[in-house]
1. Taking amide hydrogens as modeled 1.01 Å from N in the peptide plane, which residues meet the under 5 Å criterion relative to residue 281, leaving out close sequence neighbours?
2. Taking a ≥ b ≥ c as the square roots of the eigenvalues of the Cα gyration tensor of the range 122-168, is the shape rounded (a/c under 1.5), prolate (a/b larger than b/c) or oblate?
3. Between residue 219 and residue 47, how high is the FRET efficiency from 1/(1 + (r/R0)^6) when r is the Cβ-Cβ distance and R₀ = 22 Å? Nearest 0.05.
4. Estimate the FRET efficiency between residue 40 and residue 210 by the formula 1/(1 + (r/R0)^6), using the beta-carbon distance for r and 22 Å for R0, to the nearest 0.05.
5. For residue 75 and residue 136 in one chain, what is 0.36 nm times their gap in residues minus the Cα-Cα distance, to one decimal in nm?
6. State, to one decimal in nm, how far the label point of residue 124 lies from the label point of residue 58, with both points 7 Å from Cα in the Cβ direction.
7. Would you look at the GNM of the chain, springs on alpha carbons closer than 10 Å, and say which of 241, 210, 270 moves the most?
8. Explain nothing, just the number: relative contact order of the chain, from Cα pairs under 8 Å at least 6 residues apart, as a whole percent.
Amino acid sequence: MTTLLVANDGGHIMQLHTLRRRLEIDGDPIWVTPRTPQTESLLAGEEVFWTDPCPTRDVRAIVHNARLTRPLVRRADVRLAVSTGAALALAVLPQTRLRGIQTVYIESATRLDSPSLSGSLLARIPGIDTYCQSRAMATGKWRYLASPWDLYVTHDVASPQAISKVVVSLGTSDRYGFRRLLERLVPLIPPGATVLWQTGSTDCTGLEIAARPSVPAAELQDAMREADVVVAHAGTGVALAALEAGKYPVLVPRRAAYGEHVDDHQTGIARELGGRGLAVVRQADEISEDDLIAATTKRVERVPESPALRIRTSPPA
């Protein structure tokens with residue numbers, strides 16, 4: 001039996017990669033995702049079917065990737081397909097369901113009380129099992145699976161640490177920049193500090209920083225482990241990466257009003273992590289030197305044991 005694990009790059013693939021350790025899936029899966037420095041690094045050694053980019057709400061890209069993945073979906077040994085979204089799920093999951101393959105969609109942890117557009121559309125297809133990672137969203141067809149944030153706890157550090165290494169990560173979106181955060185942050189970085197600036201599509205003109213649109217997942221994870229402070233947009237993937245690296249991150253949500261994202265879902269995830277005491281949360285125009293110092297006063301650990309998650313699927317057609 002072959003399982004397809006389907007996800008866009010960025011936070012979606014990071015969530016599915018984290019969940020993979022806990023899902024009771026037989027055998028080695030085939031990952032289905034766009035080829036990027038992040039996914040190449042994260043999935044090194046795994047079997048991967050590389051798709052083309054599938055941006056949010058890009059109907060042409062969805063149709064193109066549906067055609068691209070058709071031969072894979074038609075493989076006789078595919079028995080289960082699991083996805084954490086987003087648009088790539090719309091390209092693949094309707095196909096798997098039509099072929100009678102058990103199909104599961106797990107909504108992103110960024111969605112706290114209502115599904116994404118992809119999730120809403122997929123929930124209308126009979127036979128696709130839909131799960132969420134927020135108890136507040138577990139109504140109707142949506143069943144609660146688990147929250148990724150339950151896996152982490154914070155501990156106080158004796159005293160603030162000197163800041164000599166910083167990681168700033170704005171994700172890998174090719175459509176939405178976050179210059180507001182960089183303009184506020186650049187003057188706050190201590191002189192002489194080494195900074196990894198992972199800036200995505202953000203216009204960095206005139207900021208005099210060594211901006212890198214993307215960084216391989218392994219390199220970014222290593223840099224986070226060594227950093228004194230991690231500052232990031234409030235995306236699920238980068239938040240998970242920071243917590244996995246043991247850091248208490250400074251998370252700054254993108255805002256739709258400034259053209260920084262399609263909606264304000266990052267505000268909700270920032271509020272969730274701030275409320276759990278897992279991050280310093282600030283708006284882009286509020287972040288201060290004190291926030292950077294506060295991020296050095298706690299460390300994060302994973303709980304000793306993570307219980308397995310059993311996906312209950314509907315009988316195949």
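Please treat every number below as a calculation from the coordinates, not as lab data. Just so you know, these numbers come straight off a predicted model, no measurement behind them. With ideal geometry, Cβ positions are generated from the backbone for all residues, glycine too; neighbour counts draw on all protein chains shown.
1. Long-range HN contacts for residue 281: 251.
2. Verdict is prolate for the range 122-168.
3. Calculated transfer efficiency: 0.45.
4. The computed FRET efficiency comes out at 0.50.
5. 18.2 nm
6. 2.3 nm
7. 210
8. Normalised by residue count, the contact order of the chain is 19 percent.
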